[in-house]
1. Being open to solvent by 10 Å² or more (accessible area, probe 1.4 Å) and under 22 Å from Leu199 (Cβ atoms) narrows it down to one of Ser136, Ser118, so name that one.
2. Considering segment 279-328 alone, what residues qualify as being open to solvent by 20 Å² or more (accessible area, probe 1.4 Å) and of a type in the set (Ser, Thr, Tyr)?
3. Given the criteria part of a loop (DSSP other than H, G, I, E, B) and open to solvent by 10 Å² or more (accessible area, probe 1.4 Å), does Ser224 qualify?
4. Can you give me the number of residues within segment 399-430 that are under 19 Å from Asn380 (Cβ atoms) and either within 26 Å of the chain's Cα centre (by Cα) or open to solvent by 10 Å² or more (accessible area, probe 1.4 Å) (or both)?
5. Being without any contact (Cβ under 8 Å) to a residue 24 or more places away in the chain and under 26 Å from the mean Cα position of the chain (by Cα) narrows it down to one of Val375, Val396, so name that one.
6. Filter segment 366-394 for residues that are open to solvent by less than 70 Å² (accessible area, probe 1.4 Å), among the aliphatic types (A, V, I, L, M) and not in a helix (DSSP H, G or I) and give the result.
7. Report whether or not Glu312 is more than 18 Å from Glu92 (Cβ to Cβ) and either outside any loop (DSSP other than H, G, I, E, B) or within 19 Å of the chain's Cα centre (by Cα) (or both).
8. Looking at segment 46-60, I want the residues that are over 20 Å from His381 (Cβ atoms) and have a partner that is open to solvent by 100 Å² or more (accessible area, probe 1.4 Å) and modelled with pLDDT under 95 with Cβ atoms under 8 Å, at least 6 apart or on another chain. Which pairs are those?
Amino acid sequence: MMQRAVFSRGALLAQNTAAALESSLAPRSAPLLMRLDRSMSSLTIPPPASLLRPLEVPNRYLFGPGPSNVPPRVLAAGGRPIIGHLHPEMYEIMNDIKKGIQYIFQTENNMTISMSGSGHAAMECAVFNTVEPGESVLVAVNGIWGERVAEIAERMGANVHKMVKTPGELFSNTEIEQAIAKHKPVLFFLTHGESSAGLCHPMDGIGDICQKHNCLFLVDTVASMGAAPIFMDSQKIDILYTGSQKALNAPPGTAPISFNERACDKMFNRKTKPVSYLLDMTHLSNYWGCDGQTVRAYHHTGPVSGFFSLRESLAILAEKGLEESWRQHKELAAYLYKGLEDLGLTLFIRDKDLRLPSVTTIAIPKGYNWRELLVYMMKNHNMEMTGGLGPSIGMVMRIGLMGYNCKKSNADMALHALEDALKNCKKSKV
């Protein structure tokens, strides 16, 4: 009994002493304890010093081919509290997105979704789901996006045929039909808004040609959607996709895509599985509630905040009206063209009816280093413009005024920055 009492008093004394020491020494010993913890740690790589500083992001004028500046309303939507990607409220938001995509695509297609990824995710989704190894694919290449689709199709084992022209040139309907008749592809690809050259390619009649030859018609509208007219159903486009980060006003990271019944028939009657599980429309159609099933099964965790932003950007476009958006982009582009010509600059696409309203290309001014011009504008005007991309590198400079940036005041700023750069950058005497 005596021994138990002594032990209890000793334990109590030890506890009180420890508590007193902890309360009195805690503030002074915290650094020491941290050093001791680190000295006993099994980690060999320390925390990056850069991550121990606050995040800093400059506020710039993004007047290149994308991404574009995002309206505060869309930024605020992306900052809403996270909810589960399989919550009923999330499904409602996804349903809103689907309806918004159907509106901007001008389609009644049920198989309409947004990819969890950039425009490249939609590009690969289209090819991977509708083409099987060994099948023939025909790609119109007059800029980087045709090159990119051709490589994607080659990587998954398709037999790829290319129609190649220099950046900014058109493919006639006669040329397209002759190539389709020759190669008998299951899929024909054409870019509507070729941002690397600044071309807006005509679409009328091509869908009829593809239907005549039992070939699916795939169209890229990443740079043109919301800025130039496109009509998926009436122009008989089988697969259409775009990206969120240009005229749609949203941050990068989501990519609307739609498949019509002809495309679905090919897609869901394959002999082999698509090469990508993530991009498999069998699963994605269920995730987006397009397959008629009452339960949506888990496939992947979608970008919840990205979908919030996309939904809000589509709402802005719906409120404005698609035709009004087309009109604003066309009128601002015409204003920009005149300002560029007044500066003595040459527009790369000579035919004004074929120019992409969202991304304007100018021939590199004679005697100037285009990289120096771009660096000067970034340094002195906090403004991004870009050079060419892919086959148009060294041929053009690109100015993008789309979506939230489609304003006359922005065109004036861009013209002023260009004028200043032309005055202050060295010009070769050659």
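1. When all the criteria are applied, what remains is Ser118.
2. Thr282, Thr294, Tyr298, Thr301, Ser305
3. Working: part of a loop (DSSP other than H, G, I, E, B): yes; open to solvent by 10 Å² or more (accessible area, probe 1.4 Å): no.
Criteria not met by Ser224.
4. Of all residues in segment 399-430, those under 19 Å from Asn380 (Cβ atoms) come to 399, 409-427.
With the extra rule that they be either within 26 Å of the chain's Cα centre (by Cα) or open to solvent by 10 Å² or more (accessible area, probe 1.4 Å) (or both), the set shrinks to 399, 409-416, 419-420, 422-427.
Number of matching residues: 17.
5. On inspection, the qualifying residue turns out to be Val375.
6. Across segment 366-394, the qualifying residues are Met383, Met385, Leu389.
7. no
8. If the second residue must be open to solvent by 100 Å² or more (accessible area, probe 1.4 Å) and modelled with pLDDT under 95, no pairs are left.
The values are calculated or read from the model by the stated rules, or taken from the named source; none is laboratory data. Only a predicted model underlies this, so the values are computations on that prediction, with no experimental measurement involved. Positions of Cβ are backbone-derived with ideal geometry, glycine not excepted, and every protein chain shown enters the neighbour counts. Ligands, DNA and RNA are excluded from the accessible area calculation, which covers all protein heavy atoms including side chains. Shrake-Rupley method; radii C 1.70, N 1.55, O 1.52, S 1.80 Å.
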